[in-house]
Amino acid sequence: APAEESPEPDPTPDPEQPGQGGDAGVVVLSEQFDNRTESDSNTEITTSEFPNFSGATSKAYTSQYGGIKLGSSKASGYITSKSLDLSSSFTVQIDACKYGSDTGNIVVTVDNQTQTISNSELGAAGTFKTFTLSFDAATATSTVKIATSSKRAYIDNVIITKN
């Protein structure tokens, strides 16, 4: 009897070609803000401390809960990512919680797209919840700005994934 031929293996999926399988997405930024954990500080963090967020920052501080505190008692705060290739649809995942009784929202802006995490959805200080925001394709040189709409909130574990 002739030897059975083994079937040809399926070609390896090309992650660059839609509809060919592969994983669910490509992580283009992951920041746990791990290199500083201490009490809430009044000294602003520098862009060199978190190279993933080397764009403009304002009123961003270390946090007693890990992550960072955005904003102050008198002003909103923000951090801006380094330039990222977001030329396909993508998600921004953020762990966030309230600061005391502050009522500001968390606003994520990419180019002309804005998504808001309402303060009413945030857990109490130190009780982080994970939020995943979906965005349409932006550009190959986009930045992601994470801000408070007023005063303070805590954020941690930012993961940006291209679909």
- prompt: Yes or no: Ser150 within 19 Å of Ser30 (Cβ to Cβ) and among the small types (Gly, Ala, Ser)?
  reply: no
Members of the range 144-158 that are open to solvent by 70 Å² or more (accessible area, probe 1.4 Å) and in a strand (DSSP E or B): Lys145
task: For the range 96-107, name all the residues that are more than 25 Å from Thr161 (Cβ to Cβ), in contact with a helix residue (DSSP H, G or I) (Cβ under 8 Å, 6 or more places away or on another chain) and assigned to a loop (DSSP other than H, G, I, E, B).
output: Asp102, Thr103, Gly104
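Yes/no matrix, rows are residues, columns are (1) closer than 24 Å to Asp34 by Cβ; (2) in contact with a Phe, Trp or Tyr (Cβ under 7 Å, 6 or more places away or on another chain); (3) polar (S, T, N, Q):
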| site | (1), (2), (3) |
| --- | --- |
| Ala56 | yes, no, no |
| Tyr78 | yes, no, no |
| Ser81 | yes, yes, yes |
| Thr103 | no, no, yes |
- prompt: Which members of the range 57-92 meet the condition of being closer than 16 Å to Val108 by Cβ and open to solvent by 60 Å² or more (accessible area, probe 1.4 Å)?
  reply: Tyr78, Lys82
statement: Just one listed residue, out of Ser48, Ser41, Ser58, is at pLDDT 95 or above and of a type in the set (S, T, N, Q), and it is Ser58
- line: The residue from Thr114, Thr161, Thr127, Thr141 that alone is open to solvent by less than 40 Å² (accessible area, probe 1.4 Å) and of a type outside the set (A, V, I, L, M) is Thr161
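Residue by residue, here is whether (1) touching a residue at least 40 places away in the same chain (Cβ under 8 Å); (2) touching a strand residue (DSSP E or B) at 6+ places or on another chain (Cβ under 6 Å) holds:
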position	(1), (2)
Thr57	no, yes
Tyr61	no, yes
Gly67	yes, yes
Lys82	yes, no
Phe90	yes, yes
Cys97	yes, yes
Gly100	yes, no
Thr103	yes, no
Phe128	yes, yes
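The values are calculated or read from the model by the stated rules, or taken from the named source; none is laboratory data. In this text, all values refer to a predicted model and were calculated from it rather than measured experimentally. Here Cβ is always computed from backbone atoms with ideal geometry, including for glycine, and neighbour counts include all displayed protein chains. Protein only, heavy atoms only, side chains kept; ligands, DNA and RNA dropped before computing areas. Shrake-Rupley method; radii C 1.70, N 1.55, O 1.52, S 1.80 Å.
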